[in-house]
Protein chains: 2
Amino acid sequence: MENMYLALVHHPIRNKRGDLVTTSVTNLDIHDIARSCRTFNIKNYFLVTPLKAQHDLVKRILGHWEEDAANAYNPDRQDALSIARLVNSVDEAIVKIEEAEGVKPLIAVTGANFESFTGRMNDLVSKMNVDKKPCLLLFGTGWGLHASILERADFSLDPIVGTSEDGYNHLSVRSAVAIYLDRFAEASRS
Amino acid sequence: MENMYLALVHHPIRNKRGDLVTTSVTNLDIHDIARSCRTFNIKNYFLVTPLKAQHDLVKRILGHWEEDAANAYNPDRQDALSIARLVNSVDEAIVKIEEAEGVKPLIAVTGANFESFTGRMNDLVSKMNVDKKPCLLLFGTGWGLHASILERADFSLDPIVGTSEDGYNHLSVRSAVAIYLDRFAEASRS
């Protein structure tokens, strides 16, 4: 079974004008993506932000997963958070994976506007098996991952292609994660 | 091209104990699912609730899509709402589709816990083409669509199967919609 890790990156990110920015963590991204990650056997879900004020917020949300009152009625949502990890940077996530796996992970990136890409999810899974390496799959927020992250990637995935007649193609990051992880499950089975 | 419609059903729904309930509309379901629907060429996205108090909320959200101040910075999110429609019941959605298409749609249902199902998305798309009919794809909230809706379906889709070692399989409805629509796009292309 392939060991896949996922990170939702809030820095370094591009804004609409292409500038380097740090985006805000949202409660919903934490919960929804954690549930997708748990369902599709992702080893850890890293929330990447260097902002200390955001760390307090994220820790409060993650800290509640064992004790929240909502837990009694809806334990599945809380349980999903058990695989979430808060880190300051993509590099810190890489270090944590290397500590757990004994080998550096492949870095795979996603983006809606890639003009070229390395391959599809089944190609990435093949590479993980050939290289005998885990993988860290990176998702951007805002207007996508900054170039300084993209240029460090070992593998860029094909963008999700919409089918609207006017070319509209603006999935939420939560939806994009769900689609890529479904494709990961499909590729892992075959 | 297959004419697919989608409805997010807030009534009739099952709660955890299997009782018939009406769930609340959430702002996020409106926005996220509208973006997925627009990206994957869904003709209309119906928000189904009989609650008048919820109608005011939904109308306020949908009414803003042309005028909201956020529109200037982020027009894509607002544009997606143009395909959303508020209805009191699944039957009202069916009537609206029949008015637009001149034929009653096939009713297809989704659910995480189906013990049996009619087929996969590519089978449904084949049926739409053979029958020369549009389709209304129903998604439940809460603990899923109530039996009174399920028993009226022409087609039930295979559940999304997770890959977690302990059987955890609790996607958000937003994530499930994204995955099924990606599969619909794939089936439409082939």
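Is it the case that residue A:167 is on the phi > 0 side of the Ramachandran plot and within 18 Å of the chain's Cα centre (by Cα)?
No; evaluated as a whole, the condition is false for this residue.
Which condition breaks for residue A:84 when tested against (1) under 30 Å from residue A:132 (Cβ atoms); (2) modelled with pLDDT of 95 or more; (3) surrounded by fewer than 19 Cβ atoms within 10 Å (Cβ to Cβ)?
It fails just one condition, (3).
Any residue that is part of a loop (DSSP other than H, G, I, E, B) and under 23 Å from residue A:165 (Cβ atoms) - is there at least one of those in region B:75-91?
Within region B:75-91 (the criterion being part of a loop (DSSP other than H, G, I, E, B) and under 23 Å from residue A:165 (Cβ atoms)), the answer is no, since none of the residues qualifies.
Please count how many residues of region A:161-190 are open to solvent by 10 Å² or more (accessible area, probe 1.4 Å) and of a type in the set (Val, Ile, Thr).
Residues in region A:161-190 being open to solvent by 10 Å² or more (accessible area, probe 1.4 Å) and of a type in the set (Val, Ile, Thr): 3 in total.
Out of the residues in region A:127-155 that are more than 14 Å from chain B (Cβ to nearest Cβ) and assigned to a strand (DSSP E or B), state the one that is farthest from the chain's Cα centre (by Cα).
Taking the candidates together, the pick is A:155.
Residues are listed down the side, and each one gets a yes or a no for (1) outside any helix (DSSP H, G or I); (2) within 20 Å of residue B:165 (Cβ to Cβ); (3) away from chain B (no Cβ under 14 Å); (4) free of Cβ contacts under 8 Å to residues at least 40 places away in the same chain:
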| site | (1), (2), (3), (4) |
| --- | --- |
| A:107 | yes, no, yes, no |
| A:112 | yes, no, no, no |
| A:115 | yes, no, yes, yes |
| A:125 | no, yes, no, no |
| A:162 | yes, no, no, yes |
| A:171 | yes, no, no, no |
| A:174 | no, no, no, no |
| A:181 | no, yes, no, no |
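Has region B:10-25 got at least one residue that is part of a helix (DSSP H, G or I) and either open to solvent by less than 30 Å² (accessible area, probe 1.4 Å) or not basic (Lys, Arg) (or both)?
Looking through region B:10-25, none of the residues is part of a helix (DSSP H, G or I) and either open to solvent by less than 30 Å² (accessible area, probe 1.4 Å) or not basic (Lys, Arg) (or both).
Considering region A:92-105 alone, what residues qualify as being charged (D, E, K, R), over 16 Å from residue A:49 (Cβ atoms) and in a helix (DSSP H, G or I)?
A:98, A:99, A:101
For region B:128-141, state whether one or more residues are crowded, with 18+ Cβ neighbours inside 10 Å, under 19 Å from residue B:185 (Cα atoms) and of a type in the set (S, T, N, Q).
No, region B:128-141 contains no residue that is crowded, with 18+ Cβ neighbours inside 10 Å, under 19 Å from residue B:185 (Cα atoms) and of a type in the set (S, T, N, Q).
Of the conditions (1) within 14 Å of another protein chain (Cβ to nearest Cβ); (2) crowded, with 20+ Cβ neighbours inside 10 Å, residue A:158 clears all except one; give me its number.
It fails just one condition, (2).
Within region A:116-124, is even one residue open to solvent by less than 50 Å² (accessible area, probe 1.4 Å), within 26 Å of residue A:54 (Cα to Cα) and not hydrophobic (A, V, I, L, M, F, W, C)?
No.
Taking residue B:11 and the conditions (1) over 25 Å from residue A:31 (Cα atoms); (2) more than 14 Å from chain A (Cβ to nearest Cβ); (3) at pLDDT 95 or above, which numbered condition does it fall short on, given that it satisfies the others?
For residue B:11, the failing item is (1).
Within the bounds of region B:38-52, is there any residue that is touching a Leu at 6+ places or on another chain (Cβ under 7 Å), over 25 Å from residue B:186 (Cβ atoms) and either part of a helix (DSSP H, G or I) or modelled with pLDDT of 95 or more (or both)?
Yes, region B:38-52 contains at least one residue that is touching a Leu at 6+ places or on another chain (Cβ under 7 Å), over 25 Å from residue B:186 (Cβ atoms) and either part of a helix (DSSP H, G or I) or modelled with pLDDT of 95 or more (or both).
The values are calculated or read from the model by the stated rules, or taken from the named source; none is laboratory data. What you see is a predicted model, and the numbers here were worked out from it, not measured in a lab. FYI the Cβ positions are ideal-geometry reconstructions off the backbone, even for glycines, and counts take in every protein chain you see. For the accessible areas, the whole protein counts, side chains as well, though only heavy atoms, and no ligand, DNA or RNA atoms are used. Shrake-Rupley method; radii C 1.70, N 1.55, O 1.52, S 1.80 Å.
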